[in-house]
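Q: Quick one: this structure, given as structure tokens, is what I'll be asking you about.
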Amino acid sequence: MIMQLRSVEFSDVLEAKDCIVNYGEEAIPELIKLLSDKSFVKLKNTGDLIYPGAEKFYGHGWIVQYDIDWISDRAAWLLEEITFQDFGYKILSISEDNLMKLHLQNYQSYLQTGSHKVDFKDKTSKQQLLEFRQVLADSVSKWWNKNQKTWTRFNAIKEGLSSNDEKPQHRMLQYLLFEETACPKLTLDNYQKELKPLVENIHRTKNNQADLANSLLEDKDFNWLKIKPKKTCS
């Protein structure tokens, strides 16, 4: 799957991503090695995928805020999804706000052609970008060296739900409710004992995440848990 992650075909990369993320902490060391990879592999057959290397914007599509024509950014994409950490790889990426501005500014052209020609090239030089990515890679390595003995995906979810910051609360509630990637220790028993009280606390605070927390609490059939895969792929 790590080799497949290097493919020029987006469908191959997406298949590898879904598989690798399900390996959780087991995949982290291999992905960290790829953070120092300087290879540029232009993706093919991306359809209406919106990412910094996209050549057209169709006014709709799935947004990936990583420059995944670079192998290092593909690894970072997976690492941040596995760990729920923000290591800084989105700093030079596109945003929904920028896309909307682009869409509005070129709307007449869009009506005529059904797509936008866009240029997401970085303003910095290639060498500066590579050096910046290496700084980020070193930072991730230090984080993992410090945390690898105690880190688990379940503990990361627990920490996020316990936070007073709504951003990690939102990230964890989104994962629990909607995402279909594995977390081995996320059993019904562990949820009831360790996570549910944290979700209930978010609901009681009446903050902006209270509705998401309520959606989770109201799922008495635990359908959100049923969509989480129990095994990694081969």
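The values are calculated or read from the model by the stated rules, or taken from the named source; none is laboratory data. Just so it is clear, the model here is predicted, and its values are computed rather than measured. Note that we place each Cβ from the backbone using ideal geometry, even for glycine, and neighbour counts take in every protein chain shown.
Q: Could we say that Gly47 is under 15 Å from Trp144 (Cβ atoms), out of contact with any Ser or Thr (no Cβ under 6 Å at 6 or more places or on another chain) and not aliphatic (A, V, I, L, M) here?
A: Answer is no for this residue.
Q: I'm told Thr232 meets every condition in (1) modelled with pLDDT of 95 or more; (2) under 26 Å from Phe87 (Cβ atoms) except one. Can you identify the failing condition by its number?
A: It is condition (1) that Thr232 fails.
Q: Name the residue that is surrounded by the fewest Cβ atoms within 10 Å (Cβ to Cβ), counting only residues in segment 1-16 that are in contact (Cβ under 8 Å) with a residue 24 or more places away in the chain, under 18 Å from Asp48 (Cβ atoms) and under 18 Å from the mean Cα position of the chain (by Cα).
A: Here the residue is Ser11.
Q: So which residues in segment 170-211 are part of a helix (DSSP H, G or I) and under 28 Å from Glu15 (Cα atoms)?
A: Answer for segment 170-211, where residues must be part of a helix (DSSP H, G or I) and under 28 Å from Glu15 (Cα atoms): His170, Arg171, Met172, Leu173, Gln174, Tyr175, Leu176, Leu177, Phe178, Leu188.
Q: Please state which of the following conditions Lys196 fails to meet, knowing it meets all the rest: (1) basic (Lys, Arg); (2) more than 18 Å from Val21 (Cα to Cα); (3) surrounded by fewer than 11 Cβ atoms within 10 Å (Cβ to Cβ).
A: (3)
Q: Checking Trp77 against (1) over 30 Å from Gln192 (Cβ atoms); (2) at pLDDT below 95; (3) of a type outside the set (Gly, Ala, Ser), which single condition isn't satisfied?
A: The failed condition is (2).
Q: So, in segment 153-169, how many residues would count as being in a helix (DSSP H, G or I) and farther than 23 Å from Ala27 by Cα?
A: 5
Q: Being buried (at least 20 other Cβ atoms within 10 Å of the Cβ) and among the aromatic types (Phe, Trp, Tyr) is the filter; apply it to segment 43-92 and report the residue that is farthest from the chain's Cα centre (by Cα).
A: Among those that are buried (at least 20 other Cβ atoms within 10 Å of the Cβ) and among the aromatic types (Phe, Trp, Tyr), it is Phe57.
Q: Evaluate segment 133-143: report whether one residue or more is outside the structural domain of Phe84 (by TED's automatic domain parsing), touching a Gly at 6+ places or on another chain (Cβ under 9 Å), modelled with pLDDT under 95 and farther than 30 Å from Lys38 by Cβ.
A: No.
Q: Of all residues in segment 57-84, count the ones that are touching a Leu at 6+ places or on another chain (Cβ under 7 Å) and β-branched (Val, Ile, Thr).
A: Total meeting the criteria: 3.
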